[in-house]
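Asker: Sharing a structure here in structure tokens format.
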Amino acid sequence: MARRADFSLTASPGSLLAVAANASGARILDEDGRSYIDACGGAMVMSLGHCHPRLVEVVQRQVAQLSFTYRFSFRNGPMLELAEELRSISPLDDTWCFFNSSGSESVESAIQLALRYWQLRGAPAKTDLISRWPSFHGSTLGALSLSGSKWRGFYEPLLGKYPVAPVPNADIRRRRAPAEETAWAIAELEDEIARRGAQNVAAVVIEPITGASGAAIAPPPGYIAELRRVCDRHDLLLVFDETITAFGRTGEWFAACHWPEATPDIITFAKGVTSGIVPFSGVLVSGPVAELFEQSPEGFPYGHTFSGYPLGCAVAAEAIRVIRDEGLVAESRRKGARLRAGLEQLAAASPQIGDVRGLGLLQGIELVQDRETLAPVPGAASRLVAACRERGLMIYACATPLGATTIEAVMLAPPLTIADAELDEVVAILGDALAATA
Ligand code: PMP
């Protein structure tokens, strides 16, 4: 088919991507009739696959009934329903909610909630935020300021302080035992709190399992519990950015559910909540934090035009019901184990794989020169992604600056609804692409 004229700005000038034509479940068809298995949901978005019939149906119904109202003028039924659904699955005590349309917007909400919380508590000096490297929290200026990522690059002059706390397990070349890694990462965090003075710090913001920067790095045992203790000891809010990890992705409703003894104060979510049907995101706020806002005359003075719009809320509420009705949280655990076993098998056969990691259906592999040095190979992640694409498989590249080097990894986040046979196909194509790029 003749190439169409294309005047949209891209991050890859000169390399025209295929034109996607339609999609269903875990498959995308381009306009030349090529089929791709979508094993990363674009950017970890497609929790229920493409065009899930129940989500399509709810959009059609809601859009014809009430698609938009403004939150300063009206409440709306889908928003109230969604808050109820979220309360039933949230790991927080007495959950309150606020809604937006993107992951970045909800991280901005979390930042503003944290700052305002300390003002309401009579500690207005607590304004600093501590985040980690590597991480990605979004592309708006506040969220990018928190991000330990190459994407800061050109915009550094506009950004706030650098993320400083390390992500334990991010550097596989250190080869530390898990307990040692936890102790080191916590000691580094404590040092940073001491440098800034706890009286100046509002919150610690982390991705409980990293996503776009680092590729599915899960914390070592004890780290999250210890982090919670540090935050309690110094009077800091703990914020989990679960833009990628919520709604069953890691085998629990929220990643926070993996550590019930150490829940955060605020959780952000986005992406999978509507499986790509409409833009949507939100923030869960624990009762003790929300209470202060409820008692203040201004409430939570922040938001966007589309905060809590009925169409988005209706789709998100239905997505939660689909995940519940189809038992997809447990399926994420089961299919995650199947995928993990396939990746481990590939790793056993290919010295290019230095690490397999992740939880549930969020899995990453780190690409290295060899097992002895575990040295990164520049460009390996994008070469593997290209080789997979040529073979009809979409995966996500994560090239992440870490100290003096850049780690090369790829991530898989297939729909929770993917068939077992399709998962096996993902592993087979990935194996073929690894062999071709060795
Ligand atoms: N937080 C995390 C953890 C993310 O992975 C992303 C997007 N990759 C964002 C925030 C930003 O989300 P959005 O692109 O929807 O603004």
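The values are calculated or read from the model by the stated rules, or taken from the named source; none is laboratory data. Computed from a predicted model, the values in this text were never measured in an experiment. FYI the Cβ positions are ideal-geometry reconstructions off the backbone, even for glycines, and counts take in every protein chain you see.
Asker: Could you list all residues from the stretch 141-197 that are among the hydroxyl-bearing types (Ser, Thr, Tyr) and more than 22 Å from Cys398 (Cβ to Cβ)? Please lay out each step first, then the result.
Answerer: Within the stretch 141-197, the subset among the hydroxyl-bearing types (Ser, Thr, Tyr) is 145, 147, 149, 155, 162, 182.
Of everything in the stretch 141-197, just one residue is among the hydroxyl-bearing types (Ser, Thr, Tyr) and more than 22 Å from Cys398 (Cβ to Cβ), namely Thr182.
Asker: If we scan the stretch 245-257, do we find a residue that is without any contact (Cβ under 8 Å) to a residue 40 or more places away in the chain and within 12 Å of the ligand (Cβ to nearest atom)?
Answerer: yes
Asker: Moving to a separate point now. Inside the stretch 130-234, counting only helices (runs of 4 or more DSSP H) that do not spill past its ends, which hold 2 or more residues that are out of contact with any helix residue (DSSP H, G or I) (no Cβ under 9 Å at 6 or more places or on another chain)?
Answerer: Details: elements: 141-146, 178-196, 223-234.
Those helices (runs of 4 or more DSSP H) span 178-196, 223-234.
Asker: I would also like to ask the following. Across the stretch 124-145, which residue is farthest from the ligand (Cβ to nearest atom) among those that are touching an Asp or Glu at 6+ places or on another chain (Cβ under 8 Å) and of a type in the set (A, V, I, L, M, F, W, C)?
Answerer: Among those that are touching an Asp or Glu at 6+ places or on another chain (Cβ under 8 Å) and of a type in the set (A, V, I, L, M, F, W, C), it is Ile130.
Asker: Answer yes or no as to whether Ile206 is in contact with a Lys or Arg (Cβ under 8 Å, 6 or more places away or on another chain), surrounded by 23 or more Cβ atoms within 10 Å (Cβ to Cβ) and either of a type outside the set (Lys, Arg) or closer than 16 Å to Ala43 by Cα (or both).
Answerer: Here the answer is yes, as Ile206 does meet what is asked.
Asker: While we're here: Please find, within the stretch 202-223, the residue that is nearest to the chain's Cα centre (by Cα) out of those that are more than 16 Å from the ligand (Cβ to nearest atom) and within 16 Å of Pro264 (Cα to Cα). It would help to see each step written out before you state the result.
Answerer: Here is the first cut: in the stretch 202-223, the residues more than 16 Å from the ligand (Cβ to nearest atom) are 202, 220-223.
When the remaining residues are screened for being within 16 Å of Pro264 (Cα to Cα), the result is 202, 222-223.
Details: Ala202: 22, Gly222: 21, Tyr223: 19 Å.
My answer is Tyr223.
Asker: Of the residues Arg233, Arg196, Arg249, only one is within 22 Å of the chain's Cα centre (by Cα), under 30 Å from Gly287 (Cβ atoms) and charged (D, E, K, R); which? Break it down stepwise before answering.
Answerer: Values: Arg233 fails: within 22 Å of the chain's Cα centre (by Cα); Arg196 fails: within 22 Å of the chain's Cα centre (by Cα).
Only one candidate qualifies: Arg249.
Asker: Here is a follow-up. Considering every residue within the stretch 406-413, establish whether at least one is acidic (Asp, Glu), in the same structural domain as Asp432 (by TED's automatic domain parsing) and crowded, with 16+ Cβ neighbours inside 10 Å.
Answerer: Yes, that holds for at least one residue.
Asker: Pick out the one residue from Arg87, Arg61, Arg75, Arg34 that is in the same structural domain as Asp424 (by TED's automatic domain parsing) and either over 30 Å from Phe293 (Cβ atoms) or of a type outside the set (A, V, I, L, M, F, W, C) (or both).
Answerer: Only one candidate qualifies: Arg34.
Asker: Have a look at Pro78, Pro53 and point out the one that is of a type outside the set (A, V, I, L, M), away from the ligand (no atom under 16 Å from the Cβ), under 22 Å from Ile323 (Cα atoms) and crowded, with 18+ Cβ neighbours inside 10 Å.
Answerer: Pro78
Asker: Please indicate, with yes or no, whether at least one residue in the stretch 3-16 is more than 16 Å from the ligand (Cβ to nearest atom), under 30 Å from Leu361 (Cβ atoms), of a type in the set (A, V, I, L, M, F, W, C) and more than 24 Å from the chain's Cα centre (by Cα).
Answerer: Checking the stretch 3-16: not a single residue is more than 16 Å from the ligand (Cβ to nearest atom), under 30 Å from Leu361 (Cβ atoms), of a type in the set (A, V, I, L, M, F, W, C) and more than 24 Å from the chain's Cα centre (by Cα).
Asker: Can you name the number of the only condition in (1) in a loop (DSSP other than H, G, I, E, B); (2) among the β-branched types (Val, Ile, Thr); (3) surrounded by 15 or more Cβ atoms within 10 Å (Cβ to Cβ) that Thr373 fails?
Answerer: So the condition that Thr373 fails would be (3).
Asker: Does Leu359 satisfy being among the hydrophobic types (A, V, I, L, M, F, W, C) and under 20 Å from Ile172 (Cβ atoms)?
Answerer: Yes.
Asker: Mind checking whether some residue in the stretch 259-267 is in contact with a helix residue (DSSP H, G or I) (Cβ under 8 Å, 6 or more places away or on another chain), more than 14 Å from the ligand (Cβ to nearest atom), in a helix (DSSP H, G or I) and of a type outside the set (Ser, Thr, Tyr)?
Answerer: no
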